[in-house]
Each structure stands twice: as C-alpha cells, then as structure tokens.
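Asker: Below you will find the structure I want to go over with you.
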Amino acid sequence: MTLRKAAQALRERRLSSVELTKAALERIDRLNPALNAFLTVLPERALHRAAQADRELAAGKDRGPLQGIPIALKDLFDMRGVHTTAGSLIYQDYIPDRDSAVVEKLEAAGAVILGKLNLHELAYGITSANPHYGAVHNPWNLERIPGGSSGGSGAAVAAEMVFAAMGSDTGGSIRAPAALCGTVGLKPTYGRVSRFGAIPLAFSLDHMGPLAGDVRDTAIVLNTIAGFDPRDSGSARHPVMDYVPEEGCSIRGLRIGFPEMFFFERLDPDVDAAVRGGIARATSLGAEVVPVRLPDMAAVNAVGLVIQLAEATAVMERYLEQRELFGADVLELLDQGRLLPAVDYINAQRLRRGMQNEFHRVWQSVDCLITPATPIPAPRIGETMIRVAGSEENVRAAVTRLMRSWNVLGLPAISIPCGLSATSLPLGLQIVGPPFEESLVLRVAAALEDAGVAIPRCSSRYPNSRRYDRAGAHAAIGK
Amino acid sequence: MNDWTALAQARGLKIDNRELDRIAGLLRSLEQVFRPLVRDLPHGLDPAITFRANPEDAE
C-alpha cells in the first residue's frame, strides 16, 4: 500500500492509524531480526501518537497526508528523549534534549515515528555494515548490503516496515540505499531541508531527505520537511511549493541531458541496459534526449572527497586518540583527513565555486540529466573490492562514483528503481536538476514511474516473509 | 606531491606503519587528480564557504 492510499483510507475511516501502526510494529518484530534495520523501536510513543492522529481526524483536524502514517528516521536525527547514536560508540549514550528540525516538522504534520534506523558508522560509508550495531541486510538478498549510509532507511522502506524514512546524504547516502534496495530516494538541493539537529558528517556536503516506496510518496515527505530554518547556516530562503507531481504529469518537450561520458563508462551491463531503457522511455513520452558534455566529473568527485575528508575529521578529531571507538574503515578516512593541509581544503572550496559557475552553463542547454545512480547492483556484505566492466574497483568508490558530484554542486538528485539485475537485485536511475528544481526532478521521475519504469515491490516476492525468518540466524551473526 | 608518511610522523600521529602506508597510498591517488586542478585556480575565486558578519543575511 502506498502512503497516499493509507492516508486516504484513514480519512475514509477504513483504517485507523492505531491499526496501521500496530501492523507496522508487528512487521518490524518479524523482519528486524533478519534485516537489522531498526536500532530503536518506540512502540508506546508511536501508539500514543497514532491514537492522537485518530482522535484529531475524527474531530476534523486534518494536518495533511502524513497524519497518522508510520515512518522512521535514520539514527542521526535528534529526537528529544530518544537515543541517537549516529551508529557510533561516541554517541551510544547520547539522549538529545531537543528535536531536530526534521522531527519538529514531521511531528507537527502528525507523522507517527516508529523508531530510529541503523546506518553506516557516523554516516561515513556506504555498506551499512556497522561494526558496533550489526550489519543492515538488503531485503532483496540478505547476503547483500543495502547501501549506505542510510542503509536502515532503505531496508525498512523496501521491506515495507514503514511508509517512508528519513535519510542523510553526503556523497550518495540517500540515493545509494534507494538504488540498491529498490526504493525512491531524494537528495534535495543544499539548503532546502534544515540540517538543524542532525549529527553532521561534513557540514557543506550534508543533505537531509526522504526515501519512500514511490515518487509521489517521496514528494509528500519533502512537502513537510522543506523550508528555511535560521538555525541552519546553510538554509535557503528560496520559496517552497507543492512538490507532489500531478497524476498524468507530462515531460513532453523537456530537454533531458544524456551525459554518456563518465556516467556510462564502467557500468555493470544490467545497469547500463536498465538506465538506457529508462531514457528510451523518456523519449517515448515526448522528451527530447540531448547528448551533453559535462565538466570534468572526476575532478568534481576529487574536490568533494578533499572537502569531506577535512570536514569529517574536523568534527571527530577530538575523539581520535580513542581509536577503539571507531571501525577500521571509518578510522582510515578520519586519519586521511588529519593529514590534509588546510590549504587543500580551502582550495577545494575555491574549485567548488568555479565548478558551480561552470555547471550553470549546462542548464542553458538541458532541463535535467539522467544517469545511473550506482554503476553496480548491491555487493555482498564484507566485499571491499568489486569487478566492474573488467576492472577492479573499491566498493565505496564504485558506489559513490556517479553520485558524489551532486553533493559538491548541491543539486537536487533522485534515484528511482529502473529494473532488476540478472541476479534479481534492484537498479537505480538518477535524475539531476538545477538548484531548487525538485519539482522538475520529481515530475520527470513520476512520469517515468507512471510509464512503467519501476520494479515489483520487494515484499511481493516474499509475502509471508519465510525467507526472512529462515535467515534470522544468519543476520544475528552480523550483530 | 606531499610525503604523506613524513607528514604523519612530523605531526606525531599514532598510526602503525602498515596502516600509514595504506593511507599514504590513498592520499597519493587523490592528490594526482586534485593537485593539477589547483594549479589553474584563478586568483579572484573565493571559497564556497563564506562567513557572513550578520548571520541573518544567510541565503
């Protein structure tokens, strides 16, 4: 069931929020031992909120489509009185005395927050194989990673434990789990959604955004969380709008950029075929697909990496003498950040400004871009190197290769499912737009989705979830 | 190119040699792409992070 259908059923009294919430909690009880998507479940709080939503709707107080809808948050969003770990030992006892901006807005809209979701340690990686809280498993294949760092968010949405989840994205951390778990994931423009109360990874690259089962459900969450917040120094005053694409929305006449160079090199053949299929579908819908040559994207990625290494270490440096607090992969990145000279960081931010100026010109020739989200389907848990189109590549580098640049440029980017690999794993298609053009990106995504660029729901493959139950012991090993 | 190993030692970072070699290798790879970009930076280009004397002027 989509979020929209659930919202409609609540208003027609065919369902209550308490019933929806109980069903979601039962599903979490049943599936979480295998998936390890949730770190904290809040049944009493959720049922209290659900009952409140039911009372309000019965009294005619309608807060909008999220009212009474079960959702969850990546465990780096502050929530008053609730453990917020960021997947790290550093924050294992941290209980915030305030709500993050995202929590404020979601709760004001009446959403029922079921709990906090597992993630890659400190959101600094893409496997979500958390050394302290256990690996998150991909609902499509429990031996595979869900992507990361918002791996719990991707897994929980794909397994239909929740209707939507919040994630954060510094180099692909919303779009990677969306692509690898077969959900929709949106990284909005930098400044569109407040970072206030979200534990930072890299200040100038961090973006907050939703994952959901389809494009319009994702847009509904964006409607709730978007907007200026003076508590976030990067927050934008750019006006918000209704982001939900209308039914039957058209992309006729739209100029869609096809950046073959860089984005269609070194791809798994299944990814290549699925994304080209999505582009062909856009053409059949009347869009004009235009080959486009972009600035040097490998350079943009390198600049992003320098910025990320320096900023993340700036946050964590005071803990780095306690090396036992960190997993090996995160420590390796933090140590690199300690060695980078300040001059390199400043120059990276100068280069970023130049690249931003250069990229403005791209939007004069096209309205948006379509690329693959990840060049590969989900790797196996524990795999650090992977073979892509005949050459060996580090898994982290491969998964972020086609996404990191959009964080550097701060542009809105969405991943939608566009097919399944030969091994029955989801594949993601990425749509990127000019700054603050979330509505355009969502419209293109919805038009493609309406035209059949989609995959079956994961849960429809395992309706009785026996596969999860059998794998429970395997999942426990990862804890 | 920077001598990352010497830099780490000069800073007194407590990283074992095998780990240091690995980190130095990763930084060398990054530097190969990054350093040539810096050579072409125009003088007048400000960094993308800008301090505002009045925080309320934030975009």
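The values are calculated or read from the model by the stated rules, or taken from the named source; none is laboratory data. Note that the coordinates shown come from a computational prediction; the quantities given were computed from them, not determined experimentally. Methodologically, a virtual Cβ is constructed for each residue, glycine included, from the backbone with ideal geometry; neighbour enumeration extends over all protein chains shown.
Asker: If you check A:Arg45, A:Arg30, which single one turns out to be touching an Asp or Glu at 6+ places or on another chain (Cβ under 8 Å) and not in a strand (DSSP E or B)? Reasoning before the result, please.
Answerer: Working: A:Arg45 fails: touching an Asp or Glu at 6+ places or on another chain (Cβ under 8 Å).
Sole residue among the options that is touching an Asp or Glu at 6+ places or on another chain (Cβ under 8 Å) and not in a strand (DSSP E or B): A:Arg30.
Asker: Going through A:Glu383, A:Glu393 one at a time, which residue ends up being part of a loop (DSSP other than H, G, I, E, B) and surrounded by fewer than 21 Cβ atoms within 10 Å (Cβ to Cβ)?
Answerer: Details: A:Glu393 fails: part of a loop (DSSP other than H, G, I, E, B).
Going through A:Glu383, A:Glu393 in turn, just one is part of a loop (DSSP other than H, G, I, E, B) and surrounded by fewer than 21 Cβ atoms within 10 Å (Cβ to Cβ): A:Glu383.
Asker: Can you pull out the residues in region B:13-35 that are more than 13 Å from A:Leu305 (Cβ to Cβ), facing chain A (nearest Cβ under 9 Å) and free of Cβ contacts under 8 Å to residues at least 12 places away in the same chain?
Answerer: B:Leu13, B:Lys14, B:Ile15, B:Glu19, B:Arg22
Asker: Which of (1) touching a residue at least 60 places away in the same chain (Cβ under 8 Å); (2) farther than 24 Å from A:Val399 by Cβ; (3) in a loop (DSSP other than H, G, I, E, B); (4) among the small types (Gly, Ala, Ser) is the odd one out, the single condition A:Ser204 does not satisfy?
Answerer: (2)
Asker: Applying the selection to region A:375-432, what residues are of a type in the set (Val, Ile, Thr) and within 25 Å of A:Val300 (Cβ to Cβ)? Walk me through how you get there before you give the answer.
Answerer: So the first thing to find is which residues in region A:375-432 are of a type in the set (Val, Ile, Thr), and the list is A:376, A:381, A:384, A:386, A:388, A:395, A:399-400, A:408, A:414, A:416, A:423, A:431-432.
Those that are of a type in the set (Val, Ile, Thr) and within 25 Å of A:Val300 (Cβ to Cβ): A:Ile376, A:Thr384, A:Ile386, A:Val388, A:Val395, A:Val399, A:Thr400, A:Val408, A:Ile414, A:Ile416, A:Ile431, A:Val432.
Asker: When only residues in region A:250-264 that are more than 24 Å from the chain's Cα centre (by Cα) and not small (Gly, Ala, Ser) count, which is nearest to the other protein chains (Cβ to nearest Cβ)? Give the steps one after another, and end with the answer.
Answerer: Residues of region A:250-264 more than 24 Å from the chain's Cα centre (by Cα): A:250-255, A:260-261.
Now narrow it down to the ones that are not small (Gly, Ala, Ser): A:251-252, A:254-255, A:260-261.
Working: A:Ile251: 30, A:Arg252: 34, A:Leu254: 28, A:Arg255: 27, A:Glu260: 21, A:Met261: 16 Å.
Per the criteria, the residue is A:Met261.
Asker: Of all residues in region A:212-228, which are assigned to a loop (DSSP other than H, G, I, E, B) and either surrounded by fewer than 23 Cβ atoms within 10 Å (Cβ to Cβ) or at the interface with another protein chain (Cβ under 10 Å from one of its Cβ atoms) (or both)?
Answerer: Our first condition is that a residue be assigned to a loop (DSSP other than H, G, I, E, B); within region A:212-228, this holds for A:213-214, A:227-228.
A:Asp214, A:Gly227, A:Phe228 - these are the residues of region A:212-228 that are assigned to a loop (DSSP other than H, G, I, E, B) and either surrounded by fewer than 23 Cβ atoms within 10 Å (Cβ to Cβ) or at the interface with another protein chain (Cβ under 10 Å from one of its Cβ atoms) (or both).
Asker: Still on this model: Kindly state which helices (runs of 4 or more DSSP H) lie completely within region A:247-357 and contain at least 2 residues that are among the aliphatic types (A, V, I, L, M) and surrounded by fewer than 20 Cβ atoms within 10 Å (Cβ to Cβ). Spell out the reasoning first.
Answerer: Numbers: elements: A:260-263, A:269-284, A:297-316, A:328-339.
Answer list for region A:247-357: A:269-284, A:297-316.
Asker: State which residue pairs qualify: first residue within 7 Å of another protein chain (Cβ to nearest Cβ) and inside region A:330-350, second residue part of a loop (DSSP other than H, G, I, E, B) in any location, beta carbons under 6 Å apart, and separation of 6 or more residues or different chains.
Answerer: A:Asp335/B:Ile15; A:Ile346/B:Pro47; A:Gln349/B:Pro47; A:Gln349/B:Ala48; A:Gln349/B:Ile49; A:Arg350/B:Leu41; A:Arg350/B:Leu45; A:Arg350/B:Pro47
Okay, residues lined up against (1) aliphatic (A, V, I, L, M); (2) out of contact with any Cys (no Cβ under 9 Å at 6 or more places or on another chain):
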site	(1), (2)
A:Ala58	yes, yes
A:Leu66	yes, yes
A:Ile69	yes, yes
A:Leu73	yes, yes
A:Met79	yes, yes
A:His83	no, yes
A:Gln92	no, yes
A:Trp140	no, no
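Asker: Kindly provide the set of residues from region A:240-295 that are within 22 Å of A:Ser439 (Cβ to Cβ) and among the small types (Gly, Ala, Ser), ordered by number.
Answerer: A:Gly248, A:Ser250, A:Gly253, A:Gly257, A:Gly278, A:Ala282, A:Gly286, A:Ala287, listed by residue number.
Asker: State all residues of region B:1-12 that are more than 10 Å from every other protein chain (Cβ to nearest Cβ) and charged (D, E, K, R); if no residue qualifies, say none.
Answerer: B:Asp3
Asker: Output the residue which, of all residues in region A:256-306 that are in contact (Cβ under 8 Å) with a residue 24 or more places away in the chain and polar (S, T, N, Q), is nearest to A:Val395 (Cα to Cα).
Answerer: Top of the filtered list is A:Asn301.
Asker: Okay, moving on. For A:Ala178, state whether it is of a type in the set (A, V, I, L, M) and part of a helix (DSSP H, G or I). Please lay out each step first, then the result.
Answerer: On the way: of a type in the set (A, V, I, L, M): yes; part of a helix (DSSP H, G or I): yes.
Criteria met by A:Ala178.
Asker: Given the criteria buried (at least 23 other Cβ atoms within 10 Å of the Cβ) and of a type in the set (Ser, Thr, Tyr), does A:Thr374 qualify? Quick ask: steps written out before the conclusion?
Answerer: On the way: buried (at least 23 other Cβ atoms within 10 Å of the Cβ): yes; of a type in the set (Ser, Thr, Tyr): yes.
When the stated conditions are applied, A:Thr374 passes them.
Asker: Sticking with this one: Identify the single condition in (1) under 27 Å from A:Ile199 (Cα atoms); (2) more than 14 Å from chain B (Cβ to nearest Cβ) that A:Thr313 does not satisfy, given that it satisfies every other one.
Answerer: (2)
Asker: Residues that are in a helix (DSSP H, G or I), at pLDDT 90 or above and more than 15 Å from the chain's Cα centre (by Cα): does region B:29-47 have at least one?
Answerer: Within region B:29-47, the first condition is being in a helix (DSSP H, G or I), and the residues that meet it are B:29-39.
Adding the requirement that they be at pLDDT 90 or above leaves B:29-39.
Now restrict to residues that are more than 15 Å from the chain's Cα centre (by Cα): none.
Scanning region B:29-47, I find no residue that is in a helix (DSSP H, G or I), at pLDDT 90 or above and more than 15 Å from the chain's Cα centre (by Cα), so the answer is no.
Asker: Of the residues that sit in region A:351-387 and are in contact (Cβ under 8 Å) with a residue 40 or more places away in the chain and basic (Lys, Arg), which one is nearest to the other protein chains (Cβ to nearest Cβ)?
Answerer: Selected residue: A:Arg352.
Asker: Answer yes or no as to whether A:Val18 is touching a residue at least 60 places away in the same chain (Cβ under 8 Å), of a type in the set (Val, Ile, Thr) and farther than 17 Å from A:His137 by Cα.
Answerer: So A:Val18 does not fit the description; no.
Asker: Can A:Asp242 be described as within 14 Å of chain B (Cβ to nearest Cβ), under 22 Å from the mean Cα position of the chain (by Cα) and more than 28 Å from B:Phe34 (Cβ to Cβ)?
Answerer: no
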